[in-house]
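Following: one structure in structure tokens, then a few remarks.
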Amino acid sequence: MTTILRPAISVVVLLTLLLGLAVPLAFTGVAGVAFPTQAGGSLVEREGRVVGSALLGQNFTSERYFHPRPSATTEPDPENAGSTRAAPYNAAASAASQLGPTSEALRGAVQERVAALGGGPVPADAVTASGSGLDPHISPQNAARQIGRVARARGVPEARLAALVAQHTEGPALGLLGEPRVNVLALNLALDGLR
Amino acid sequence: MTLEGWAQIALVLLLVVASAIPVGRYVAAVAAGRVTFLAPVERAIYGIAGVDPARGMGWKGYTLAMLAANAAGFALLYALLRLQGMLPLNPQGFDGIAPWLAFNTAISFVTNTNWQAYSGEAAMSYLSQMAGLSVQNFLSAATGIALALAVCRAFAAGGLRDLGNFWVDLVRMTLYLLLPLALAVGLAFVAMGVPQTLAPYVQATTLEGVAQTVPLGPAAFQIAIKHLGTNGGGFFGVNSAHPFEGPSALATALQIWAQQVIPFALALTFGHMVGDVRQGRALLAVMLGYVVVATAIVYAAETGGNPLHLAAGVDPGMGNMEGKEVRFGQALAALFTATTTGASCGAVNAMFDSFTPLGGLVPMFLIQLGEVLPGGAGSGLYSILVFALLAVFVAGLMVGRTPEYLGKKVQAREVKLAMLAVLVLPAAILGFTAVSLVLPAAISSIQDAGPHGLSEMLYAYTSAAGNNGSAFGGLTADTPWLNGTLGLAMLLGRFAYVVPVMAIAGSLAAKPKLAESRGTFPTHGPLFIGLLAGVVLILGGLQFLPALALGPIAEHFALLAGQTF
């Protein structure tokens, strides 16, 4: 028995020390020196305060901002122990709706969102929840639909906002991989910086 | 579907196959002991462990050593998860993991399944992720590769008494293959935005003045091995859909590459080890063909969109976006889906539960086909070799000759053991699903009504028994019944499968290797490739069709009829 147990226990323990502690700790050190911003979560600061991460979406409800996609994240309900309540863009608990294609709840939600946006056709990303609940991006079509509203709320000419959206529209990586998109936090930060 | 979308798919698959060629040759060199740049580390490990690296093991000795290593890994991981509340590197102060969940999670990571009934950022300490889950990502992948090497050796020569040394194969695959790749891919992930830090979560105040917790952790290194080892267990709850786990289309493309390269390379390693590279290419052709077809179906189904939503006023241009991220797009989501389920990885960059019925059928069916397309690290190769034996057996029946594969006669014992292995998957999947669909304690876990609810349950046992780990996430999996039975399904899918496979290897190794004659059925040409593809589909897939008809296929017709649940 010891001919099997000794190698089993020692190999597992030794490789745990190597692959679970020594290497990842050294790797963390190297990563922090080589790419300090990314390794630390791509935090975005304004006036010395952390306002979020460049990679994580956050909720915007004010008419003065561009709005992100619907988010299915939740938080514990303080009034009802053991259950949860909606909390869009709660980054402490990433989540999708997980509703199926024939779900009446999902169809109802989509219909409501389309109606809230003034009727169709609306870009799909504007009325569906993302896989993470933290999608930082919207499609350029979605952003374009919001320009009029934001322009009215801020008293800024639409052409100026259209230019700002165009400036914040990222294309596919290497000209091929991925889809055109607009980072909502970056766009709204730029919006606040307009004068 | 667009031309740009197909160009993305073609580019990533081209890079996978192009890199599989050198990696496949390299793995054969490592397996033969020709790579030695970490020899002092190797020697130190063998010395402390009391292993004589020159001593070969028969199939029983090899299998027992593998089981012992996995049992030790399970015990250590279970203890770490239960005790994490008292251990260091726990800046968020998470409690120990509850017993059933710890049991399920430990089995899940030891068997290379990485089914997750918890959400990483809300439950796991940095120590548990790093020294527990990451380590099993390495060890379970290396275990699979070691077993595959042992099976390859059985075909390499005649009259063999041993299949290699498990400890040596395990250590070498870890040190020379997985570790260097994980360091390189991990660093690329950090550059792309995946966090790698021990700092606690950051409290941010959003532009609208709301508090937002930014979760962090030593994620990049673990995510690298999660894909390279076809493990698939996310650092964060929503896996590669999380903007920290899959920050960009480039990152998701690199993850697809990483979860494909080793399984494809191992098919070619097989060719090198048996001394005929054409044999490896034939296996690779079957695997690649299925990946392309599966990707096309998912891509077409998802870009078509959900007719109910289109009728509600959704523009059809982006396809079905529920559960998907804008930055990846439909093409990379489809390729990721087909590769993660074909490769027994189980990472996801989009939520299958919200796919159209046919888009969700494909990942489920790919797992049910036996995780051979290309399958997990190592497990894909030894599983497709089982199908290859059955394919030559079927061919032998048709012409009335004793079947041979690579000069080894395939006789009653091997075919019985092969069928035993192949039946493990349907028995575990359909058996547990059937019981769960009549148990109130299990049914209460289902989120969606109608046929989709059946799909959620069927997918869970499919994923567990196939050692995949992806999910139809609406299912509430953290219950004693599901934690327990899914854990058993994972154990059966891994070990009840591989023990008969190793017995086949032992039996074949001892046989003489016959010279090729004019009557030999060639196993590298298009005829064999077609036959193998058919055997995988019929022997692997047929028994699941009734269940699929009640789930995704019924839902597809309900959707066309405009019915909701």
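Computed from point charges on the beta carbon alone (+1 for Lys and Arg, -1 for Asp and Glu), the dipole magnitude for segment A:43-192 about its Cα centre is near 420 Debye. If you count Lys pairs in chain B whose Cα atoms are under 27 Å apart, skipping same-chain pairs closer than 8 places in sequence, the total is 13. Note on the protein assembly as shown: percent of Cα-Cα distances in each 20 Å bin, starting at 0 and stopping at the bin with the largest distance, equals 18, 52, 26, 4, 0.
The distance between label points at A:ALA190 and B:GLU516 comes to 6.2 nm (points 7 Å beyond Cα on the Cα→Cβ vector). A simple spin-label model places the labels of B:LEU423 and A:GLU63 7.0 nm from each other, with each point 7 Å out along Cα-to-Cβ.
Between the residues B:LEU390, B:PRO180, A:ALA87, the greatest Cα displacement towards the positive end of the dipole of the protein assembly as shown, with unit charges on the Cβ of Lys, Arg, Asp and Glu, is found for B:LEU390.
For the pair B:ALA184 and A:ARG160, label points projected 7 Å from Cα toward Cβ lie 5.1 nm apart. Ordering B:ALA300, B:TYR46, B:PHE365 by the projection of their Cα atoms onto the charge dipole of chain B, which places +1 on the Cβ of Lys and Arg and -1 on the Cβ of Asp and Glu, puts B:TYR46 at the extreme positive end. Electrostatic tally near B:PRO500: other residues with Cβ closer than 11 Å to its Cβ, Lys and Arg +1, Asp and Glu -1, net +1. For B:ASN165, the residues whose modelled amide H falls within less than 5 Å of its own, excluding neighbours fewer than 5 places apart on the same chain, are B:MET57. About its Cα centre, chain B has a charge dipole of approximately 2260 debye under the convention of +1 per Lys or Arg Cβ and -1 per Asp or Glu Cβ, with nothing else charged. Assuming a ≥ b ≥ c are the square roots of the Cα gyration tensor eigenvalues, decide whether segment B:457-565 counts as rounded (a/c under 1.5), prolate (otherwise, with a/b larger than b/c) or oblate. Verdict is oblate for segment B:457-565. Stokes-Einstein diffusion of segment A:43-192 at 4 °C, 1.567 mPa s viscosity, Kirkwood radius from Cα pairs, rounded to a whole number: 78 µm²/s. At an R0 of 60 angstrom, the distance between the Cβ atoms of B:ARG401 and A:GLU112 translates into a FRET efficiency of 0.35.
Mean residue ellipticity, 222 nm, helices only, chain B: the sum of -39500 (n - 2.57) across DSSP H runs of n ≥ 4, divided by residue count and rounded to 500, is -19000 deg cm²/dmol. Mean separation of Cα pairs under 8 Å and 6 or more residues apart, divided by the residue count, gives chain B a relative contact order of 19 percent. In sequence order, segment A:45-59 has phi-based couplings of 10, 9, 6, x, 10, 6, 9, x, 10, 4, 9, 9, x, 9, 7 Hz under the Karplus curve 6.51 cos²θ - 1.76 cosθ + 1.60, θ = phi - 60°, and Gly or Pro positions carry x. The mean sequence separation of alpha-carbon pairs under 8 Å and at least six residues apart, normalised by the residue count of segment A:43-192, gives a relative contact order of 25 percent. Computed from the C-beta positions of B:LEU550 and B:SER444, the FRET efficiency with R₀ = 30 Å rounds to 0.95. Here the gap between B:ALA122 and B:LYS60, fully extended at 0.36 nm per residue and compared with their Cα-Cα distance, gives a gain of 18.1 nm.
Across all directions, the shadow cast by the convex hull of chain B built on its C-alpha atoms averages 25.9 square nanometres.
Compute, for the protein assembly as shown, the length of the dipole vector about the Cα centre, with Cβ point charges of +1 (Lys, Arg) and -1 (Asp, Glu) only. Units Debye, rounded to 20.
2080
Counted as membrane-span-like here are DSSP H helices of chain B whose alpha-carbon atoms extend 30 Å or more along the helix's own axis and whose Kyte-Doolittle mean is 0.5 or above; these are B:3-31, B:59-83, B:135-156, B:249-273, B:277-303, B:379-399, B:412-436. Let me know the whole percent of all Cα-Cα pairs from segment A:107-176 that are separated by more than 19 Å. Summing the P(r) of segment A:107-176 above 19 Å gives 46 percent of all pairs. Each of A:LEU177, A:VAL44, A:SER62 was scored by the projection of its Cα onto the charge dipole of segment A:43-192, and the greatest displacement toward the positive side belongs to A:SER62; charges sit on the C-beta of Lys, Arg, Asp and Glu. FRET efficiency for the pair A:LEU14 and B:LEU15, taken as 1/(1 + (r/R0)^6) with r the Cβ-Cβ distance and R0 = 30 Å, rounds to 0.30. The P(r) of segment B:296-342 has a tail past 16 Å containing 36 percent of all C-alpha pairs. Taking every alpha-carbon pair under 8 Å whose residues sit at least 6 apart, segment B:219-267 reaches a relative contact order of 40 percent.
All of the numbers you see were taken from the coordinates with simple rules; none came from a lab. Quantities reported herein were computed from a predicted structural model and do not represent experimental measurements. Please note: Cβ atoms are built from the backbone with ideal geometry, for glycine as well, and neighbour counts cover all protein chains shown.
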